[in-house]
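Trainee: Dumping the structure here so I can ask a few things about it.
Nothing in this text is a laboratory measurement; each read-out follows from the coordinates by a stated rule. Values in this document were obtained by computation on a predicted structure and should not be read as measured data. Neighbour counts are summed over all protein chains in view; Cβ atoms, including those assigned to glycine, are modelled from backbone coordinates with ideal geometry.
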Amino acid sequence: MATTHSVPGLPSATRAAIGTGVAARLEAHPAAQRLPSDKVAAWRIKNFLDARACRRLITMIDRNRRPSTLLSDRGDATFRTSESCDMDRWSDSVQPIDESIAALLGIAPENGETMQGQRYAPGQHFRAHHDYFHQGESYWERIKQAGGQRTWTAMIYLNDVEDGGATWFPQAGLRVAPQQGLLLAWDNMQGDGSPNPMTIHEGTEVVEGVKYIVTKWFREERWLAA
């Protein structure tokens, strides 16, 4: 995850084409609703997962959760206080969901990272951050060899939360509250394929209840080993 730091990246025709293609698919999808912002291209789909599938994923997260980590040159233990786990990509409970997200966006499944499950107890949060990688960070050379830049993010809320836990895009004026089965997807790039600083977003503090989500990030190229 990268925070603000000089120019985050250069334009890319490949990323621009991915963004245009995915946006066209979502615009044509009868259940997809574009969120009201001219700064971030984001859509939501209600009831993308049913209650049974959400419960299965919650059980997997509870079984395998560990303290969440950051990919950054600037460590801060208070920045991300949730718990996370890597979902078993090839399990009967995960693979159909994993591939359905890729099909929704029209991105090759091989370009998708392993889906990550996340759990936020009361008081836990993820401060404002970007999902794209920053070319000024020390990890960038390594990232380029493993699928390159993150293009799209897809997040699914697995339960309703009594109070708090919204996903907030402060620069774009968007705030999405947790709702069981709701999928939220957005393009981390601008129209020219360069990282979009307006996609900075925060997992706001849970006040009451426990928040469960799964997140799927897609790269510009193949992420899975051939």
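Trainee: Between Ser93 and Ala225, what is the label-point separation in nm under the 7 Å Cα-to-beta-carbon projection?
Mentor: Calculated label separation equals 2.7 nm.
Trainee: Another one. How much net charge surrounds Gly209 when only the other residues with a Cβ under 12 Å from the Cβ of Gly209 are counted, with Lys and Arg +1 and Asp and Glu -1? It would help to have the intermediate numbers written out before the result.
Mentor: Working: positive: Arg119, Lys211; negative: Asp160, Glu162, Asp163, Glu205, Glu208.
After counting each charged neighbour, the total is -3.
Trainee: Would you list, by chain and number, the lysines whose Cα falls below 23 Å from the Cα of Lys144, excluding same-chain residues fewer than 8 positions away?
Mentor: Lys216
Trainee: What's the extension gain from Ala28 to Arg66 if we count 0.36 nm per residue and subtract their Cα-Cα distance? Intermediate results must be reported in sequence, preceding the final value.
Mentor: Values: separation 38, 0.36 × 38 = 13.68 nm, distance 3.84 nm.
Gain on stretching Ala28 to Arg66: 9.8 nm.
Trainee: Also, quick follow-up: Based on the Cβ-Cβ distance from Val207 to Gln179, what FRET efficiency comes out when R0 is 22 Å, to the nearest 0.05? Numbers along the way, then the final one.
Mentor: On the way: r = 16 Å, r/R0 = 0.74.
For Val207 and Gln179, the calculated efficiency is 0.85.
Trainee: Based on the Cβ-Cβ distance from Val7 to Trp168, what FRET efficiency comes out when R0 is 25 Å, to the nearest 0.05?
Mentor: Working: r = 24 Å, r/R0 = 0.98.
For Val7 and Trp168, the calculated efficiency is 0.55.
Trainee: To the nearest 500 deg cm²/dmol, what mean residue ellipticity at 222 nm is calculated for the chain from DSSP H runs of n ≥ 4 alone, each contributing -39,500 (n - 2.57), summed and divided by the residues? Could you put the intermediate results ahead of the total?
Mentor: Values: 4 runs with 46 residues, N = 226.
Dividing the helical sum by the residues of the chain leaves -6000 deg cm²/dmol.
Trainee: Identify the residues of the range 123-152 with backbone N under 16 Å of a label point that sits 7 angstrom from the Cα of Ala108 along the Cα-to-Cβ direction, or state none.
Mentor: 145-152
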